[in-house]
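The values are calculated or read from the model by the stated rules, or taken from the named source; none is laboratory data. Keep in mind that what you see is a predicted model, and the values were worked out from it rather than measured. Virtual Cβ from ideal backbone geometry, glycine too; neighbours counted across all protein chains shown. Note: areas computed on protein heavy atoms with side chains; ligands, DNA, RNA excluded. Shrake-Rupley method; radii C 1.70, N 1.55, O 1.52, S 1.80 Å.
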Amino acid sequence: MSLLAERPVDTHTEPAAGTRGRLLGTLVPWLVPALAWTLGLLRFGTPAGDIALYAAYLAVAIVLPGTLVHRALRGSRGNLPEDLGLGAATGLLVLIIGWALAAATGLQILLPGWPLLVIALFVAVPGLRRHWRIPAGERRPLPAAWSWILAAVALALVAVTWSFWRDNPLPPATADYYQDLTYHLALVHEMTRSMPFQVPQVAGDTLRYHYLSDADMATASMITRIPATTLLFRLWIVPIGLATVLVCAAIARELTGKWWAGALGGAVSLLAWPLMLGSVVAAFGGSAFSFLSPSQSYALPLLGLLIAVSLDVLHGRRLGGTWALVFPLALACAGAKESTLPLFVAGMALAVLVLLLRHRDRLRAGLLMFGLTLVAMVLGTRLFAGGGAGSLAIQVFAVLEWFLPFRRTIGADDPIDATHLLPTGIESHGAYGVRVALGMFAWWLVVQVPRLLGMVALTRRRTQVDPAAWLLAGITTAGVGALWVIWHAASSQIYFFVGAAPFAGLLTVWLLADQARGWRPVVAGLAAGALWEVFAPNGFTPRHDTVGDWFRAMFDPLLVTAAVAAGVALVVLVVWRVAIGRFAWRAVPAGLTAAILGASLAGPVNARVDADLHGKAAVAAVRLSVTADEMRAALWLGDHSGKDDVIATNVHCQMGNQPAHCDARAFWVVGLTGRRALVESWGYTDQAVAADGTNGERYMFQPPPHPEQFALNDRVFAQGNAADVEQLRRQYHVKWLFADTRVGGVSPELARVCHLRYQSGPVSVFEL
């Protein structure tokens with residue numbers, strides 16, 4: 001018997017109903033999150049016209065062409081929601097291919113015609129017209145419950161996005177944007193230019209970065225003319241999250257053969273968190289979906305689509321024309337987030353080994369898939385990975401440097417040093433330090449059990465022979481291993497794990513689906529786990545910064561939870577024995593697995609409660625870094641300058657720590673103007689990150705990469721010498737000066753040698 005015949009099959013069929021009834025049952029649930037999304041955007045100042053325009057753009061430029069291409073290459077899933085989800089991910093790829101062609105040729109003006117060209121092909125070519133609808137013989141509609149569950153997930157996504165919208169007002173406003181957002185905003189503007197790209201904060205330096213999420217937003221801005229700020233701070237993030245949910249839901253149903261497991265897989269992919277259980281200590285590696293890292297969020301639906309395609313190979317299906325999708329899709333994953341594709345390559349290597357041992361008839365296709373993605377990973381490293389910004393080192397337990405119990409105990413005085421195999425705090429304490437680190441690692445494994453429990457599936461007969469299970473296990477193992485073995489200056493090794501987390505969660509859902517003999521233990525377990533996560537008593541708060549106190553804070557909630565779980569399980573078994581006449585032993589594994597997933601899904605509720613309780617105090621404690629007047633000046637300069645104009649500014653440092661100790665991550669001038677600067681902030685340049693630890697300073701406190709250029713730049717603002725201004729104009733092609741008195745003195749001589757064009761509060765804008 002073939003493997004495919006042994007896998008569970010979803011035997012659910014929708015009751016007979018007219019096409020209109022099925023369509024209503026599919027669409028009505030989604031009206032709720034769509035309405036919440038629209039109301040939320042309006043509530044936080046998004047123009048209604050931009051909302052309508054972006055919704056039309058999503059439908060016409062991404063979902064429709066992507067769905068048509070996906071159906072043409074892989075066929076229909078038999079239902080509209082999964083087709084649209086996989087189509088949206090495919091549409092992201094199709095659109096980024098169009099952007100790349102335009103950026104390489106300088107023909108960005110033709111970008112609006114790219115998706116229309118794809119649609120026109122499916123209208124004009126007779127053989128492609130059939131992909132506009134699902135053939136009658138292939139229709140396998142999902143139950144209405146599937147749509148309601150995932151619509152609820154989408155509603156939860158919108159709900160947690162409200163805090164992001166609230167904390168990031170649309171400019172002009174007085175605000176404190178997280179530096180990564182304004183850094184990405186600058187890259188969005190850079191992606192509207194032609195190749196080769198430059199570092200917009202340090203004009204002239206070559207940009208080496210995983211910038212495809214920024215290119216996606218840039219494409220949307222060029223096609224719709226919606227401002228980049230509105231896209232980044234409002235419109236873009238929720239649709240990307242929803243695409244991830246739908247892709248992972250399709251993968252989960254493919255693996256398990258059960259519609260409810262597909263819906264649960266979609267929820268777990270985005271909403272699952274490590275367990276909290278009332279603890280005062282949170283584990284690093286939370287949600288895989290990040291509002292503050294667009295590149296991380298954008299990579300998820302692309303990686304999900306690559307995994308979906310690989311399932312066809314691993315299960316012995318012919319790819320046919322889909323092979324044309326594999327290499328560009330893998331390269332897009334590499335350009336979306338550098339940490340993404342190595343996870344897949346590691347998982348595919350393990351799956352190919354299983355093919356070699358058990359399914360040699362599929363080995364050739366498996367090797368081809370592995371080879372194409374490996375080549376894409378190597379090429380992606382050359383195209384997208386930065387010098388210092390992409391540098392990694394081997395240091396076991398390096399991630400503990402960012403873990404509070406470690407920093408408060410044996411790692412308190414650790415220097416910045418990646419040259420040793422172990423962090424200094426562990427190495428200096430010898431065997432005791434290693435035991436402490438292992439204890440913290442063990443605790444982390446336990447609280448990450450929603451993502452890691454699925455590895456147990458490899459011991460079960462159904463799944464241990466399926467190479468798809470080993471693919472997900474390899475992705476999970478690579479994510480965990482990279483997190484705990486690799487050092488990076490900005491702790492970016494954590495993205496290896498959070499990138500793997502959604503697909504590790506799918507393996508846990510697969511385990512649950514294989515365990516479950518009915519729906520009752522699954523529903524009961526999910527509910528019990530969620531209730532305990534929300535209402536668990538608060539754990540121990542350390543009174544002293546000792547290893548003993550911190551370990552008690554870490555492990556006490558786990559012990560309490562284990563005791564409660566054992567008690568509840570015993571009561572349920574006894575009640576079942578009295579009521580039914582036998583013990584329900586077979587329901588226990590499914591119930592416990594479901595409880596773990598339920599607690600994981602309730603994690604964001606605790607996060608939201610915590611944010612709501614402490615949000616006002618946190619905002620009050622932050623020194624506002626950008627005023628509305630400064631934003632108005634930056635926006636004016638963006639509106640009145642050319643796209644390729646170079647500006648100079650005296651804004652280099654985050655507010656509150658300059659000039660003696662400059663945190664060079666004030667990226668807002670370039671971000672809001674959309675222009676390249678001679679020298680703005682250099683904290684994320686390759687040179688700064690590569691110098692991390694020099695003179696005992698972190699990368700963001702390192703000196704500027706081009707000292708002479710920087711000295712000339714600042715001398716212009718401090719002295720206003722005509723010869724210096726002329727050198728800026730002649731040698732570096734600077735056309736505008738953005739002078740801000742909040743960050744330092746500005747010479748009155750500038751008004752004599754330059755033309756003052758605009759003034760807003762502390763900012764004066766001069767044209768050379």
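Quick notes
- Sum of side-chain charges, Arg715 neighbourhood, beta-carbon under 15 Å (Lys, Arg +1; Asp, Glu -1): -4
- Taking all protein chains as shown and a probe of 1.4 angstrom, His488 keeps an accessible surface of around 20 Å².
- Burial order of peptide ranges 81-92, 536-547, 200-211 (average beta-carbon count within 10 Å, highest first): 81-92, 200-211, 536-547
- Ligands, DNA and RNA left out, the accessible area of the chain computed with a 1.4 Å probe is 64% carbon and sulfur.
- Sorted on the mean count of surrounding Cβ atoms within 10 Å across their residues, most packed first, peptides 346-357, 98-109 read 346-357, 98-109.
- Helix 587-601 vs. the chain, principal-axis angle (Cα, 0 to 90°, nearest 10): 20
- Straight-distance crosslink candidates among aspartates and glutamates, where the alpha carbon sits under 13 Å from Lys643 and sequence neighbours closer than 8 are dropped: Glu190
- Approximate shape of the chain as ellipsoid semi-axes (Cα gyration tensor, √5λ), whole Å, largest first: 44, 33, 24
- The stretch 402-474 and the stretch 486-535: distance between their alpha carbon centers, rounded to Å: 17
- Mean separation of Cα pairs under 8 Å and 6 or more residues apart, divided by the residue count, gives the stretch 648-729 a relative contact order of 26 percent.
- Annotation: per residue accessible area for the chain equals 40 Å², rounded to a whole number [probe 1.4 Å, protein chains only].
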